[in-house]
Amino acid sequence: MNKLLFILLVFLPSISYSAYYIKNSYTNLNVSYNSIGQTGLIHLPTASLHKEGTVGITIGNSSLNKFASIVATPFPWLEASFFYHRPRDTLYFGNGKKQYLDKGFNLKLGFTYLGIDLALGIDDIAGTGFLSKEYVAATFNKQNLSFTFGIGTGAFSKDHPFQNPIPSLRNRPQILFGPDASGGELSFNTFFKGEIGLFGGIEYDSSRIPGLKFKIESNPFDYRLSNGGFLGGGIQTQEAILNRKKLKDFNYGISYQVKNFFNVSISQIKGNSFDLLISKKFNFNKPRKSIQTKRVDLVSKANNNKLAFYQNILRNLEKDKLFLQSAELKDNDLHLGIVNNKYNNPVDVFDHTKIVVTKLAKAQNIGLSNLTITNINSGMETASMTARAINRLNPTKIGYANITEPENKTKELDFQTILSFPEFYNSVEPEFIYRYADPTRFFAGGIDIQLNSEIKFASDFYLNTAISYQLTNSFERLRYNPDSPYLPHVRTDVVKYLNNRPDLYLNTLQLDKHYKVTNGHYLKFSAGMYEMMFGGYGVEYLWKPFVSNISVGMSLYHVKQRNFEQRFKFSDYETRTGHTNLLYKFPSGIVIDLSFGKYLAGDVGYTLDFSRRFKSGYKIGAYFTRTNISKVEYGEGSFDKGFYFEMPFTFYGASEDKGITNLTIQPLTRDGGAKLKTENPLLYSIISGSEGDYKFYLD
């Protein structure tokens with residue numbers, strides 16, 4: 001019952017009240033992050049949340065510990081964070097020379113009532129429990145002052161405990177600490193149980209020095225390892241006994257916003273320790289960027305004005321990686337078939353093309369009424385969009401648009417671009433490879449030079465290859481610890497792959513052939529070296545009804561494990577893996593992706609992925625996987641879980657080329673619940689195949 005209540009509490013508001021979170025209801029007066037990865041004061045949380053779509057990174061360094069976190073606010077009522085925590089004064093279990101390393105998730109749900117922010121929070125979810133606590137808090141603002149009051153269990157009650165007023169919640173089960181604690185499991189039977197503690201704090205925003213904050217808070221925590229050890233963990237040392245004495249029951253500090261969304265905080269903790277925190281915020285909930293085209297030129301020498309118009313469209317669009325396949329101008333209505341290699345959504349394709357064709361039409365004295373663009377993906381028509389070429393009421397907006405299924409007749413239009421196959425495309429770029437959260441070395445990385453090539457044999461048949469050369473890395477100090485002896489090492493041998501490949505190695509090599517069976521039904525046949533660890537062959541199917549928000553994808557692959565050199569040889573292990581995906585996109589931006597099938601290690605189960613996409617092209621998501629293997633077979637962590645951020649390439653300041661970069665935060669690398677990684681899965685690569693793909697981005 002507790003599990004069901006927890007799941008409903010998290011997910012039900014996002015589905016039942018999809019219109020609510022279009023606007024954030026929080027008072028949101030320049031809130032900031034605390035030192036343990038959440039919106040708050042110093043060590044305490046507040047009831048406030050950051051604005052919807054905010055993602056923050058915090059890095060802390062104190063007398064007690066080092067701390068790093070990523071904090072996300074995908075909805076105005078939800079904040080989730082993932083943290084790494086390393087005490088300075090304790091040692092790792094089983095290794096008396098290395099410092100302890102811990103990790104966990106924090107979750108906060110909140111809303112505003114009568115101008116007061118109210119929140120319920122659960123900290124260190126699915127962690128080892130050294131920072132476990134639950135709380136209910138209220139924050140209200142009075143001019144430049146913010147006041148927070150709260151009541152909590154777990155770590156909040158360690159120093160000055162009171163009896164829980166609810167008899168059924170008075171006993172808190174003990175969490176197992178030590179080398180035999182697996183961690184990673186949701187302890188529903190401990191939430192809000194045991195003794196309670198009271199906490200509070202005040203935050204003052206300076207009006208004389210904008211960006212400067214003063215903070216003071218109560219300190220209800222007990223830092224001694226003998227009593228749970230807040231910000232502790234691992235094997236106690238003599239240094240820990242001395243450092244963890246508490247002299248004062250309050251903390252105080254200052255925070256200053258150095259530049260836009262960049263903060264530095266310094267605080268005194270428990271009367272004898274200091275804490276330094278640096279945080280940076282990113283806004284994922286930006287509006288779509290305005291379209292910027294390259295200069296539009298008249299380049300055609302054709303005497304026929306209509307032919308010159310087509311050729312000018314072709315040459316001007318290809319400057320920005322939009323490739324005209326066909327065109328027809330009839331009764332002042334222009335129909336174009338376009339391959340999009342620039343934008344991550346079809347509305348930007350229409351906006352960009354409209355700007356180009358209207359400038360050309362004006363320069364060539366050609367009348368235009370309506371513009372229709374049919375998007376073509378890997379030789380397959382996916383959808384068409386029609387709108388006025390010039391919206392006279394508001395020239396900067398598209399206005400009313402009609403989105404329809406394709407008629408599959410672009411090859412019958414008057415003008416056809418002559419394509420000469422095979423086509424060759426190459427690029428050379430740096431590749432940054434990293435691995436994090438190894439207790440022996442928190443972060444290790446390297447820089448490679450990667451040659452990317454694409455050979456197109458036809459519009460729907462192509463070979464993509466990535467060959468890498470290692471420049472420098474620090475992988476030699478990584479620990480090899482597969483943890484579980486019960487499963488094939490389909491992921492935990494990653495350290496061996498990083499350390500045994502030669503300087504020149506084959507990253508990926510993938511041959512794809514696409515078919516469109518009929519509107520909404522797509523097939524892809526594939527073969528090659530899909531990723532670092534596996535190669536083989538397989539097939540994917542996608543059903544994407546045009547007028548529905550649901551998609552169904554199916555995949556089946558026969559793969560064999562590559563050897564550590566990462567060239568063309570394989571090891572002995574081989575398997576069949578495949579999944580069926582049920583994906584639903586809510587009009588508000590919520591995406592639920594449920595997949596079930598067989599994973600690389602032979603285990604069978606399901607993965608639930610819950611995410612929020614934004615019109616800016618950013619996406620925040622979380623997932624977990626459950627399969628038919630036991631916790632013992634899986635190893636530390638109990639089950640696969642994590643969250644991720646998808647960012648368009650413009651995040652790095654690049655031009656608006658099509659594509660995203662994915663940052664996945666996965667607490668541990670384990671063999672259970674591991675999926676095959678392929679380039680451009682059919683389910684996610686058809687970005688203009690339904691009415692909803694367009695309507696989400698239309699203003």
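Checking the structure you have, find out if any residue of the range 111-122 is at pLDDT 90 or above, in contact with a Phe, Trp or Tyr (Cβ under 9 Å, 6 or more places away or on another chain), among the aromatic types (F, W, Y) and surrounded by fewer than 24 Cβ atoms within 10 Å (Cβ to Cβ).
yes
K516 is checked against (1) within 30 Å of E691 (Cα to Cα); (2) touching a Pro at 6+ places or on another chain (Cβ under 9 Å) and fails just one. What number does that condition carry?
(2)
Got a number for residues in the range 318-334 being touching a residue at least 60 places away in the same chain (Cβ under 8 Å) and over 18 Å from N304 (Cα atoms)?
Final tally of qualifying residues: 4.
Quick check on the range 284-328: of everything there that is of a type in the set (D, E) and more than 26 Å from P648 (Cβ to Cβ), which residue is surrounded by the most Cβ atoms within 10 Å (Cβ to Cβ)?
Here is the first cut: in the range 284-328, the residues of a type in the set (D, E) are 297, 318, 320, 328.
Narrowing further to those that are more than 26 Å from P648 (Cβ to Cβ): 297, 328.
Details: D297: 13, E328: 19.
Selected residue: E328.
Tell me, please, whether a residue that is crowded, with 23+ Cβ neighbours inside 10 Å and without any contact (Cβ under 8 Å) to a residue 40 or more places away in the chain can be found in the range 134-155.
no
Any idea which of I366, I390 is open to solvent by 20 Å² or more (accessible area, probe 1.4 Å), more than 33 Å from the chain's Cα centre (by Cα), of a type in the set (A, V, I, L, M) and closer than 18 Å to Q292 by Cα? Spell out the reasoning first.
Working: I366 fails: closer than 18 Å to Q292 by Cα.
Among I366, I390, only I390 is open to solvent by 20 Å² or more (accessible area, probe 1.4 Å), more than 33 Å from the chain's Cα centre (by Cα), of a type in the set (A, V, I, L, M) and closer than 18 Å to Q292 by Cα.
So, of the residues in the range 207-263 that are aliphatic (A, V, I, L, M) and not in a helix (DSSP H, G or I), which turns out to be farthest from T153 (Cα to Cα)? First the steps, then the outcome.
We begin by selecting, within the range 207-263, every residue aliphatic (A, V, I, L, M); these are 209, 212, 216, 225, 231, 235, 240-242, 247, 254, 258.
Retained after the next criterion (residues that are not in a helix (DSSP H, G or I)): 209, 212, 216, 231, 235, 247, 254, 258.
Working: I209: 37, L212: 32, I216: 21, L231: 16, I235: 25, L247: 22, I254: 27, V258: 35 Å.
Ranking the candidates gives I209 first.
Which residue pairs have Cβ atoms under 9 Å apart, sit 6 or more places apart or on different chains, and have a first residue in the range 516-532 that is on the phi > 0 side of the Ramachandran plot and a second that is assigned to a strand (DSSP E or B) and hydrophobic (A, V, I, L, M, F, W, C)?
From residues that are on the phi > 0 side of the Ramachandran plot, the pairs are G520/L542; G520/W543; G528/L463; G528/L509; G528/L511.
Kindly check whether there is at least one residue in the range 70-93 that is modelled with pLDDT of 90 or more, assigned to a loop (DSSP other than H, G, I, E, B) and among the small types (G, A, S). Please lay out each step first, then the result.
Residues of the range 70-93 that are modelled with pLDDT of 90 or more, as a first pass: 70-83.
Keeping just the survivors that are assigned to a loop (DSSP other than H, G, I, E, B) gives 76-77.
Applying the additional criterion that residues be among the small types (G, A, S) yields none.
Among the residues of the range 70-93, not one is modelled with pLDDT of 90 or more, assigned to a loop (DSSP other than H, G, I, E, B) and among the small types (G, A, S), which makes the answer no.
If I ask for residues that are assigned to a loop (DSSP other than H, G, I, E, B), in contact (Cβ under 8 Å) with a residue 60 or more places away in the chain and farther than 21 Å from T678 by Cα, which ones from the range 460-506 would you list?
Within the range 460-506, P482, D483, S484, Y486, L487, P502 meet the criteria.
Going through S474, S459, S484 one at a time, which residue ends up being within 30 Å of N377 (Cβ to Cβ), small (G, A, S) and either at pLDDT below 95 or touching a strand residue (DSSP E or B) at 6+ places or on another chain (Cβ under 9 Å) (or both)? Before you say what the answer is, go through the steps one by one.
On the way: S474 fails: within 30 Å of N377 (Cβ to Cβ); S484 fails: within 30 Å of N377 (Cβ to Cβ).
After applying the criteria, what remains is S459.
For V349, which of the numbered conditions (1) out of contact with any Leu (no Cβ under 6 Å at 6 or more places or on another chain); (2) more than 20 Å from F696 (Cα to Cα); (3) among the aliphatic types (A, V, I, L, M) fails to hold?
(2) is the only condition that V349 fails.
Say we look at the range 199-245 and pick out the residues that are among the hydroxyl-bearing types (S, T, Y) and open to solvent by less than 30 Å² (accessible area, probe 1.4 Å); which of these is nearest to D102 (Cα to Cα)? Please lay out each step first, then the result.
First, the residues of the range 199-245 that are among the hydroxyl-bearing types (S, T, Y): 204, 206-207, 218, 223, 226, 237.
Among the residues that remain, those that are also open to solvent by less than 30 Å² (accessible area, probe 1.4 Å) are: 206, 223.
Values: S206: 36, Y223: 16 Å.
So, considering only residues that are among the hydroxyl-bearing types (S, T, Y) and open to solvent by less than 30 Å² (accessible area, probe 1.4 Å), the one nearest to D102 (Cα to Cα) is Y223.
Would you mind stating whether Y515 is modelled with pLDDT of 95 or more, more than 23 Å from D609 (Cβ to Cβ) and either under 26 Å from the mean Cα position of the chain (by Cα) or surrounded by fewer than 16 Cβ atoms within 10 Å (Cβ to Cβ) (or both)?
Working: modelled with pLDDT of 95 or more: yes; more than 23 Å from D609 (Cβ to Cβ): yes; either under 26 Å from the mean Cα position of the chain (by Cα) or surrounded by fewer than 16 Cβ atoms within 10 Å (Cβ to Cβ) (or both): yes.
Against the criterion (modelled with pLDDT of 95 or more, more than 23 Å from D609 (Cβ to Cβ) and either under 26 Å from the mean Cα position of the chain (by Cα) or surrounded by fewer than 16 Cβ atoms within 10 Å (Cβ to Cβ) (or both)), Y515 qualifies.
Identify, from the list N243, N304, N263, N272, the residue that is under 20 Å from Q38 (Cβ atoms) and out of contact with any Pro (no Cβ under 8 Å at 6 or more places or on another chain).
Details: N243 fails: under 20 Å from Q38 (Cβ atoms); N304 fails: under 20 Å from Q38 (Cβ atoms); N272 fails: under 20 Å from Q38 (Cβ atoms).
Exactly one residue qualifies, and that residue is N263.
Among the residues of the range 335-343, is there at least one that is open to solvent by less than 10 Å² (accessible area, probe 1.4 Å), in contact (Cβ under 8 Å) with a residue 24 or more places away in the chain and under 19 Å from R392 (Cα atoms)? Before you say what the answer is, go through the steps one by one.
Initially, the range 335-343 is screened for residues open to solvent by less than 10 Å² (accessible area, probe 1.4 Å), giving 336-338, 343.
Checking which are in contact (Cβ under 8 Å) with a residue 24 or more places away in the chain leaves us with 336-338, 343.
This time we only want the ones that are under 19 Å from R392 (Cα atoms), so: none.
No, that holds for no residue.
So I175 clears everything in (1) loosely packed, with under 13 Cβ neighbours inside 10 Å; (2) modelled with pLDDT under 85; (3) β-branched (V, I, T) except one condition, right? Which one?
The failed condition is (1).
Looking only at strands (runs of 3 or more DSSP E) that fall completely inside the range 334-433, which ones have 3 or more residues that are among the β-branched types (V, I, T)?
Details: elements: 370-377, 380-388, 401-404.
In the range 334-433, the matching strands (runs of 3 or more DSSP E) lie at 370-377.
Only residues that are closer than 28 Å to Y697 by Cβ, hydroxyl-bearing (S, T, Y) and at pLDDT 95 or above: list them for the range 581-610, please.
Keep residues of the range 581-610 that are closer than 28 Å to Y697 by Cβ, which gives 581-595, 607-610.
If we keep only those that are hydroxyl-bearing (S, T, Y) too, we end up with 584, 588, 595, 607.
The answer is Y584, S595, T607.
Among (1) modelled with pLDDT under 90; (2) closer than 29 Å to P287 by Cβ, which single condition is Y644 missing?
(1)
Specify which of the listed residues (S638, S685, S630) is surrounded by fewer than 18 Cβ atoms within 10 Å (Cβ to Cβ) and more than 24 Å from V547 (Cβ to Cβ).
On the way: S638 fails: surrounded by fewer than 18 Cβ atoms within 10 Å (Cβ to Cβ); S685 fails: more than 24 Å from V547 (Cβ to Cβ).
Step by step, each of S638, S685, S630 is checked, and only S630 is surrounded by fewer than 18 Cβ atoms within 10 Å (Cβ to Cβ) and more than 24 Å from V547 (Cβ to Cβ).
Kindly indicate whether F130 is in a loop (DSSP other than H, G, I, E, B), open to solvent by 10 Å² or more (accessible area, probe 1.4 Å) and either within 22 Å of I665 (Cβ to Cβ) or modelled with pLDDT of 95 or more (or both). So that I can check it myself, show each step before the final result.
Details: in a loop (DSSP other than H, G, I, E, B): yes; open to solvent by 10 Å² or more (accessible area, probe 1.4 Å): yes; either within 22 Å of I665 (Cβ to Cβ) or modelled with pLDDT of 95 or more (or both): yes.
Yes: the conditions hold for F130.
The values are calculated or read from the model by the stated rules, or taken from the named source; none is laboratory data. In this text the structure is predicted, and so the values were computed from the model without any measurement. Quick reminder, even Gly has a Cβ in these numbers, built from the backbone with ideal geometry, and neighbours come from all protein chains shown. Ligands, DNA and RNA are stripped out before the accessible areas are found, and what is left, the full protein with its side chains, is counted by its heavy atoms. Shrake-Rupley method; radii C 1.70, N 1.55, O 1.52, S 1.80 Å.
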